[in-house]
Structures are given as structure tokens and as C-alpha cells.
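Shown next, in C-alpha cells, is the structure this report addresses.
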Amino acid sequence: MVTGTLLFVVGVLALQWQPELPSIWWGACLPVLAWLFYLAPRLRSGLALVMGFLWALLHGHLLLSHGLEADLEGKDIYLEGVVISLPDRTPERTRFEFQVEKLTLNGVQRAAPGPVRLGWYRTAPRLQAGERWGLVARLKLPHGFMNPGGFDYEGWLFRQGIRATGYVRASERNRLLGTSGGLAGMQAWRQGIRERINGVLQ
């Protein structure tokens, strides 16, 4: 059992070394391999390796399927969702992660990409984690350059589950819609603690 588990993990890691994600259709072999794993104990070691690879393949395609639709890049779109991170403020801009729950373009609802990373420049209000907002924004798919020994920004965004980046546009439609509980509420609690600490240190 331990050997099979280790080989399954090796199969998962092997996918990470592929230059590109193989076709999702290879995942169709997974049920057959699981059946053979049950019927043929002598083959379990090799099957565990391949099953780990295919499981990671399906998981990768599932993650990529929830990204921003390519034709939405660079267009003014309307988002509704929740601030899910502690906003990072500077005098020039506020940066935050936003869980998109609804996305519309020209009044037509489109698939929401999930968490996105937004910048709000100059006119940004004092955002709070857990707030629900309606925003006009422009998004793009994550892109980044990875130099040897450098920071892989695109890879970091992917590991954080962030499917797009962008910025908030100046619009009369930008408005606070309310507050949210759950994880966003926990972030709001963390933000309150951070601000109290900053108030003491200043």
C-alpha cells in the first residue's frame, strides 16, 4: 500500500514536468486502470504510477476550465462579488483579490472566472475584506515571465487559484452592495486586527 501511494504521488509529480498539459481524453483511461488495479494485484505498482499521472491531468484540466473566457480580455465588464483578501493599499492604488460571483458583458451574463486579482487606482475607496461590490473592470488571463532563479508570477497566481488579473475602471456603476459572511467574514476580522496593530505602531 505504501509503495502504491508513493508511486501515485510520483505520477502526479511527473505531470508537472510536462511542457504542456496533455489532452484530457487520456483521462478516459482512468476508470479502466482503476478496474485493472482491483483485478490484477501484480500490476498495481505500475498502475498506481499511471493513475497518479492521469488524476493530476484531469485535475489540471478542471482548474483551467474555470478561467476567463478569452474574448472577454480587455473589455469593460461588470462584476459582482466579494473582497476575499486583505486589501494592499498604497497612495497610488489598492490591490485585492475578488471572488467573482456574476459577470456580465453588455447585459449578457457570462461564466464567472472565480477569484481574480484587481487593482483600483487613484479613486479607490477604503475597501474592507468581506464587502460585496459591483464593479466595472477590465481583465486579462494571467501572464508572466519566468527567468532562471526569478519569481514565476504566473505560476504563483495559478497556485493561488487566481484565474485572471485586471483593474477597476472609473464608473458610476461601482458601488458597495453589502457584506458577506463565511471565509470573507474571517478575512474582515483579520483586517480589523491588522488595522488595530498598525494604529498602535504608528
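Taking the condition of being in a helix (DSSP H, G or I) and among the small types (G, A, S), how many residues in region 28-41 meet it? Spell out the reasoning first.
Step one: list which residues in region 28-41 are in a helix (DSSP H, G or I), which gives 28-39, 41.
Add one more test, that the residue is among the small types (G, A, S), and what stays is 28, 34.
Adding up the residues that qualify gives 2.
Can you tell me which residues in region 112-127 are open to solvent by less than 60 Å² (accessible area, probe 1.4 Å) and in a loop (DSSP other than H, G, I, E, B)?
Across region 112-127, the qualifying residues are A112, P113, G114, A124, P125, L127.
Check whether at least one residue in region 134-141 is touching a His at 6+ places or on another chain (Cβ under 9 Å) and within 16 Å of G166 (Cβ to Cβ), and report yes or no. If you could, list the steps in order and put the result at the bottom.
Keep residues of region 134-141 that are touching a His at 6+ places or on another chain (Cβ under 9 Å), which gives none.
Within region 134-141, not a single residue is touching a His at 6+ places or on another chain (Cβ under 9 Å) and within 16 Å of G166 (Cβ to Cβ).
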Residue list for region 12-27, filter: modelled with pLDDT under 75 and assigned to a helix (DSSP H, G or I): L15, Q16, I24, W25, W26, G27
task: Looking only at region 93-103, decide whether some residue is among the hydroxyl-bearing types (S, T, Y), surrounded by fewer than 18 Cβ atoms within 10 Å (Cβ to Cβ) and in a strand (DSSP E or B).
output: no
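The values are calculated or read from the model by the stated rules, or taken from the named source; none is laboratory data. The structure displayed is predicted, hence computed values, not measured ones. Don't worry about glycine lacking a Cβ; one is built from the backbone with ideal geometry, like all the others, and counts go over all protein chains shown. For accessibility, only protein heavy atoms count, side chains too; no ligands or nucleic acids. Shrake-Rupley method; radii C 1.70, N 1.55, O 1.52, S 1.80 Å.
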